[in-house]
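Here's the structure, in structure tokens; my notes come after.
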Amino acid sequence: MSNLTLKEQLAALALGSPTPPVSSETIKKAPQKIQVQVKNAVKQKPAWLEHAQYGVELLKAHFPTCFKEMQAIQPLKIGIKQDLVIRLGSIENIVLNDKACMVSSLSYYVSSPSYLKNVIEGATRIDLDGKPVGVVSAEEAQYSVESRQAKLQKKAKPRKQAPATKTA
């Protein structure tokens, strides 16, 4: 395996060489077009997204019967955020920043398409221990459908159409 950074490896690929050692200096000397290609290829996730995903992973690790992988997600108890805050307050071996991250990531988890897809009428809601505590009402299921549709519409960007040209 190469000792090059990912950025340097991508720059090497962009320059068309199979696996030469490309330094940061070589990248700086590369034509502007290649620098832009490398920067676009190495785009990182926004900090808020990394923070939210990290928090969800912490939730899955500390509350595995409640927070599950996408294919096994179940609707959560109404008011689970307050339960989470109380429970985290009583756990001493989790650092404060991770506790705050988990609480703030809860909204990311419950607004994910996978979660919203599973909030259907009659589905069982669960608490932090994975125990059933209620069912999803028709109004809640409808709200979930509307939220998913709104997210999909927001995600789908309208295509720009070329202006029509008049011919004489």
*Identify, by number, the condition in (1) of a type in the set (D, E, K, R); (2) free of Cβ contacts under 8 Å to residues at least 24 places away in the same chain; (3) closer than 15 Å to Asp129 by Cβ that Glu69 doesn't meet.*
(3)
*Of all residues in segment 72-111, which are touching a residue at least 12 places away in the same chain (Cβ under 8 Å), within 21 Å of Val135 (Cβ to Cβ) and either assigned to a helix (DSSP H, G or I) or not aliphatic (A, V, I, L, M) (or both)?*
Gln74, Pro75, Lys77, Ile80, Lys81, Asp83, Leu84, Leu106, Tyr109, Val110, Ser111
*Identity of the residue in segment 135-156, under 23 Å from the mean Cα position of the chain (by Cα) and hydrophobic (A, V, I, L, M, F, W, C), that ends up surrounded by the most Cβ atoms within 10 Å (Cβ to Cβ)*: Ala141
*What tally of residues in segment 125-156 results from selecting those that are in a helix (DSSP H, G or I) and charged (D, E, K, R)?*
7
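No lab work stands behind these numbers, since they all come straight from the coordinates. On a predicted model such as this, the values are computed, not experimentally measured, just so you know. For neighbour counting, all protein chains shown are included, and Cβ atoms are generated from backbone atoms with ideal geometry for every residue, glycine included.
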